[in-house]
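> Structure incoming, see below.
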Amino acid sequence: MTAPSSTPSPEAPDLPVEGSLAGFRIGVTSDRRSADLIDALERRGATVMHAPALKIAPVAADLPLVEDTQQIIAARPDYAVITTAYGLRRWSEAADAAGVGEALLAVLGESKIYVRGPKARGAVRAAGLTDAGISADETTASLVNMMLGLELRGKTVAVQLHGYTDYRQLDRLRRAGADVLTATPYRWVKPAGANQLPRLIEAVCNGGLDVVTFTSAPAVDAVLSTASEMGCRDAFLAALR
């Protein structure tokens with residue numbers, strides 16, 4: 001969006017000097033460490049609206065994750081999908097804590113691994129594994145597009161989810177005949193104060209914010225999904241442009 005000019009004019013004699021954020025209205029959608037960001041913005045003179053889109057839920061002693069991991073190990077999948085580097089590392093750590101870390105890596109090593117982006121590829125290789133392919137634009141949709149060119153009927157696909165699940169892509173794999181198993185090493189949940197995000201979206205649509213900050217792709221998905229639920233996705237995107 002258009003930010004306040006730093007060049008004085010007869011119509012706006014009191015605009016801020018260059019480098020200042022005075023006069024900017026900024027929306028912050030992050031949860032983790034958001035206080036640091038907000039403090040930094042406000043020290044420069046910005047007015048901040050805070051509306052966390054998502055937060056990572058604690059997964060200590062995550063029994064569903066352990067059960068899903070054991071199921072994947074037993075199934076010995078033909079294909080594995082790794083969506084995030086952090087997810088693979090956290091999955092490995094949880095498997096190690098449950099005493100099945102080596103078994104998980106062995107099973108993944110026997111499968112054909114497809115990764116969603118360079119960071120996921122780096123984590124796969126850091127774990128001593130190799131990948132068979134990478135998505136074109138770091139999205140799950142493009143990764144599934146590529147995999148639909150494979151023979152999936154009767155095959156088992158293990159998918160490491162990244163907390164904000166795109167169920168449409170899992171359904172596409174299933175419709176292609178694959179048996180899809182999933183593991184969620186970390187889970188995104190809606191934070192307290194569910195009315196905050198709709199208010200931020202309304203502010204954007206009404207021209208009440210100059211800048212919106214994002215620190216994760218799932219947060220972007222959450223904001224766009226909320227805008228869709230509110231019936232103003234098109235207006236929201238137009239305002240962002």
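> Hull surface divided by four, with the convex hull built on the Cα atoms of region 123-162: how many nm²?
Averaging across all directions leaves 3.5 nm² for the Cα convex hull.
> Return the FRET efficiency for the residue pair Glu229, Ala141: r is the Cβ-Cβ distance, R0 is 22 Å, and the value is rounded to the nearest 0.05.
0.65
> List every residue whose amide H lies under 5 Å from the amide H of Met49, counting only residues 5 or more places away in sequence or on a different chain, with H placed 1.01 Å from N in the peptide plane.
Excluding prolines and chain starts, which carry no amide H, the hits are Ile26, Gly27, Val28.
> What are the residues whose amide H is under 5 Å from the amide H of Lys112, where those residues sit 5 or more places off or on another chain and H is modelled from the backbone?
Sorted by chain and number, the residues that satisfy this are Tyr79, Ala80.
> What ranking, highest mean first, results for peptides 126-136, 198-208 when packing means the other Cβ atoms within 10 Å averaged over each residue?
198-208, 126-136
> List the relative contact order of the chain as a percent without decimals, with contacts defined as Cα pairs under 8 Å and 6+ residues apart.
About 25 percent, as a whole number.
> In units of 2.2 N^0.38 Å, what is the alpha-carbon radius of gyration of region 66-181?
That ratio works out to 0.96.
> Leaving out ligands, DNA and RNA, and with a 1.4 Å probe, what % of the accessible surface on region 99-241 is carbon or sulfur?
50
> Take every Cα pair under 8 Å in region 156-241 that's 6+ residues apart, average their separations, divide by the length, and report that relative contact order as a whole percent.
28
> Using only the Cα atoms of region 85-128, build the gyration tensor, take square roots of its eigenvalues as a ≥ b ≥ c, and label the shape rounded, prolate or oblate: rounded if a/c is under 1.5, else prolate if a/b is larger than b/c, else oblate.
oblate
> A follow-up question, please. Using a 1.4 Å probe, what is the accessible area per residue for the chain, in Å²?
For the chain, the solvent-accessible area averages 53 Å² per residue.
> So how far, in whole Å, is the C-alpha centre of region 21-51 from the one of region 132-195?
Taking the Cα centre of each part, region 21-51 and region 132-195 sit 33 Å apart.
> Relative to the present Cα-Cα distance, how much length would full extension add between Arg174 and Val220 at 0.36 nm per residue of separation?
Value of the extension gain: 14.0 nm.
> Over the chain, what is the percentage of antiparallel beta bridges among all DSSP beta bridges, to the nearest 5?
15
> Right, another one. Take each complete run of DSSP H in the chain, measure how far its Cα atoms stretch along the helix's own axis, and keep only those covering 15 Å or more with mean Kyte-Doolittle hydropathy at least -1.0; list them.
The qualifying helices are 63-75, 85-97, 217-230.
> Mean residue ellipticity at 222 nm from the helices of the chain, using -39,500 (n - 2.57) per DSSP H segment of n ≥ 4 over the full residue count, to the nearest 500 deg cm²/dmol?
Result for the chain, helices only: -13000 deg cm²/dmol.
> Where does each of 34-46, 65-77 land if you order them by average Cβ count within 10 Å, highest first?
65-77, 34-46
> Once R0 is set to 25 Å, what does the formula 1/(1 + (r/R0)^6) return for the Cβ-Cβ distance between Glu110 and Arg89, expressed as a FRET efficiency to the nearest 0.05?
According to the calculation, E is roughly 0.80.
The values are calculated or read from the model by the stated rules, or taken from the named source; none is laboratory data. Small disclaimer: the values here were computed from a predicted structure and weren't measured. Cβ coordinates were reconstructed from backbone atoms using ideal geometry, including for glycine residues, and neighbour counts include every protein chain displayed. All accessible areas refer to the heavy atoms of the entire protein, side chains included, with ligands and DNA or RNA removed. Shrake-Rupley method; radii C 1.70, N 1.55, O 1.52, S 1.80 Å.
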